[in-house]
Amino acid sequence: MKNLPIKSLMLTLGLFASSATLTAQETSQTAAPVIEEAEEAPWLKVYFASGSATVSADQAATLDRAVRTFREGDPFVMVVAGGADKVGDPAANLGLSLQRATAVATALTNRGIPIERLQVLGRGNSELQVATPDGVAEEENRVVEISWR
């Protein structure tokens, strides 16, 4: 992930309360490295339709793989980090990214991952997978990344 020169607001919650503001640099130091579509990639991606925070049925295999990874590796924490593309207001996109991450976290807890082992982040459009100008819809940016450590 890129270190961004501007601060990005990161909302962190254990699905109950805590929120924190981190710089993109601090966040990138704790996040898993990005490797495109490798078989043993250190993260999984759940994609969303434009403007939506609903996990679609076609993403179930990714969620199931995350649960298998959790059970086989017993990581200390799974980081569920939501993103958004650059369509619309940046503040609204930050909220949408957190809603997406929360939806994925809920799906994981429904599959048996303990809530206290999840860290949920909303990145808005501060850490784009694909750089685009404002107003451009990009599916790769409407994603929740699940990583673990």
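The values are calculated or read from the model by the stated rules, or taken from the named source; none is laboratory data. As the structure is a prediction and not an experimental result, all values here were calculated from the model. Cβ sites come from the backbone with ideal geometry, for glycine too, and all protein chains shown count toward neighbours. The area values use the complete protein model at the heavy-atom level, side chains included, leaving out ligands, DNA and RNA. Shrake-Rupley method; radii C 1.70, N 1.55, O 1.52, S 1.80 Å.
For residue 124, the criteria (1) open to solvent by 30 Å² or more (accessible area, probe 1.4 Å); (2) touching a residue at least 12 places away in the same chain (Cβ under 8 Å); (3) on the phi > 0 side of the Ramachandran plot hold in every case but one, which is (1).
Among the residues of region 63-91, which ones are of a type in the set (A, V, I, L, M, F, W, C) and over 10 Å from residue 125 (Cα atoms)? Don't jump to the end; show me each part of the working.
To start, the set of residues in region 63-91 that are of a type in the set (A, V, I, L, M, F, W, C) comprises 63, 66-67, 70, 76-81, 84, 87, 91.
Correct list: 63, 66, 67, 70, 76, 77, 78, 79, 80, 81.
Selection over region 84-103 of residues that are aliphatic (A, V, I, L, M), surrounded by 24 or more Cβ atoms within 10 Å (Cβ to Cβ) and in a loop (DSSP other than H, G, I, E, B) gives a count of 1.
Of the residues making up region 54-83, those that are open to solvent by 50 Å² or more (accessible area, probe 1.4 Å) and not in a loop (DSSP other than H, G, I, E, B) number 9. The residue pairs whose first member lies in region 61-75 and is within 11 Å of residue 44 (Cβ to Cβ), whose second member is at pLDDT below 90 and of a type outside the set (Lys, Arg), and whose beta carbons are closer than 8 Å, counting only pairs six or more residues apart or on different chains, are 69/75. Buried (at least 22 other Cβ atoms within 10 Å of the Cβ) and not in a helix (DSSP H, G or I): is that true of residue 144 in this structure? Considered against the rule, which asks whether it is buried (at least 22 other Cβ atoms within 10 Å of the Cβ) and not in a helix (DSSP H, G or I), residue 144 comes out as yes.
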